[in-house]
Amino acid sequence: MTTTIRCLMTCILALILVPALAAEDHFQVTTLAPDLLMLSTDQGSYCTNSLVFTGEDGVLLVDTHGTADAEAFEEFVDKLGLGAPRYIINTHRHVEHIGGNALFGPDPIGVAHRLFPDKLRSGTFLFNEYPPDAFPDITFADSLEIEFNGETIRLVAIGGSHDDNEIMVHFKRHGIAHVSSVVNGFNFPSVDGDGDVMQFEPQVRRLMTLLPPDVRLVSGHNGQATGFDFVGTWEQLPAYADMMMSTVEIVREGLTAGKTVEELQAAGAIDEFQQYAGSYVGTDDWIVYVEDALTVPRETRKDICKPVFAAWKLDGAGAAVACYRRLKETEPLEYDEHETVLLSIGGKLYHRGLYSDACEFLLGCVDLYPDAEYGYYTQYLLARGYDALEWPELAREHCEKSVSLNPDFAGATGFLAELSGDVSED
Ligand SMILES: [Zn+2]
């Protein structure tokens, strides 16, 4: 489950730490063609990329950034003076790619993979309570073509590696393809709970057959090492697929020889692939991902968020946490309870401004998982929540707890200084 945690934390950290900037400062704009722009946002240790395609038919968007960047994105599109987008295509359901969907209202035709709507109505996504405009109007299972602005835009399902509902968006005449998060800027990728480390190599090799050799590749994310205006090439795909194959084999052989993850990390088992560690997943992290895939059985358990969400809607946060506790204690193998679930729900409610409920879920998390790996982050969010509720003593108490659990976490040390009046808030 380590992989799920890492992906989740990336999302949460991105949501909290991105500074608010004016629209013109918000995006690094890369002109792929006069009518096709790539907009990149700085998420801390990586960037997120969308595409804006303009022409006589209007505007077509590929992804709409995260919540913190959504308004600036809408402002950017609005300033083009071409009206509401005609199409919004989402490469997959993660929060950094869909945050602006609903801001554009009901007019755009939303297009996404067939699994996408159910994904937004399950797990902790339930607590986002996305409005209807965030959902696609058209979904597909395998492939689809759209004729727009004199271009043929080819969409092909490429799910299974980073996430299970990813699609590729190929602008055929432009020779540009947005390949979602499958290559991750040619850095080690992150893997969602619904993704699979073992599917990267086959999916990358599939991209090699789906796309022509002269294509330029836009990635859902790039690492800082590759630069925020990074555009990849077809020639990078074979080596990336080979790296996937080799790293899996190295870790597999190490484990078979009786080595532990820590020993493989200490020995620098995959250091020859250090060049791929340009993003938020380093060589040590990738060893963990691969070991996880090789040793932890893939299991399907019931979505604990469904009954917890129902309890929240019916009787409030206290009842929802009690429901979670009951299911965890009485049916632990039946439901997908995990130490990050209540933290994730608390984070989502915090970002929706539902501070009291957020704190209730976060306190439940602290109580049920006292030794959680990301306990420092739960404490930090509690501090943020109590601060928003104007309970300064509790805010300070939880912030101090966060710092004591992880002195290296700049979010909490900075916030503690702010709470102590050591720095002025801009
Ligand atoms: Zn993603």
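The values are calculated or read from the model by the stated rules, or taken from the named source; none is laboratory data. All figures in this text were calculated on a predicted structure; none of them were measured in a lab. When we count neighbours, we look across all protein chains shown, and the Cβ atoms used for this are built from the backbone with ideal geometry, even at glycine.
So, in the stretch 88-114, of the ones that are within 16 Å of the ligand (Cβ to nearest atom) and part of a helix (DSSP H, G or I), which residue ends up surrounded by the fewest Cβ atoms within 10 Å (Cβ to Cβ)?
Selected residue: Val95.
Quick one: is Gly185 in contact (Cβ under 8 Å) with a residue 60 or more places away in the chain and under 21 Å from Thr340 (Cβ atoms)?
no
Just to verify a result, which residue in the stretch 177-192, among those that are in contact with a Phe, Trp or Tyr (Cβ under 9 Å, 6 or more places away or on another chain) and within 16 Å of Glu291 (Cα to Cα), is nearest to the ligand (Cβ to nearest atom)?
Ser190
Ser279 versus (1) assigned to a loop (DSSP other than H, G, I, E, B); (2) surrounded by fewer than 18 Cβ atoms within 10 Å (Cβ to Cβ): which is the lone unmet condition?
Here Ser279 clears every test but (2).
So Thr152 ticks every box in (1) within 21 Å of Leu32 (Cα to Cα); (2) modelled with pLDDT of 95 or more; (3) under 16 Å from the mean Cα position of the chain (by Cα) but one. Which box is left unticked?
So the condition that Thr152 fails would be (3).
Would you confirm whether or not the stretch 193-210 contains a residue that is within 16 Å of the ligand (Cβ to nearest atom) and in contact with a strand residue (DSSP E or B) (Cβ under 9 Å, 6 or more places away or on another chain)?
No, that holds for no residue.
Looking at (1) farther than 17 Å from Ser50 by Cα; (2) acidic (Asp, Glu); (3) within 14 Å of the ligand (Cβ to nearest atom), which is the only condition Glu145 fails?
(3)
Looking at (1) within 25 Å of Val215 (Cβ to Cβ); (2) in contact (Cβ under 8 Å) with a residue 60 or more places away in the chain; (3) buried (at least 18 other Cβ atoms within 10 Å of the Cβ), which one does Val59 not meet, given that it meets all the others?
Every listed condition holds for Val59 apart from (2).
Considering each of Leu394, Leu382 in turn, give the residue that is of a type in the set (A, V, I, L, M), surrounded by fewer than 18 Cβ atoms within 10 Å (Cβ to Cβ) and more than 22 Å from Gly193 (Cβ to Cβ). Working first, answer last.
Details: Leu382 fails: surrounded by fewer than 18 Cβ atoms within 10 Å (Cβ to Cβ).
Just one listed residue meets the conditions, Leu394.
Search the stretch 279-304 for residues that are touching a residue at least 60 places away in the same chain (Cβ under 8 Å) and pair each with any residue that is buried (at least 20 other Cβ atoms within 10 Å of the Cβ) and of a type in the set (Phe, Trp, Tyr) when their beta-carbon atoms are under 6 Å apart and the residues are at least 6 apart or on different chains.
Ser279/Tyr46; Tyr280/Tyr46; Val281/Phe188; Trp286/Phe188
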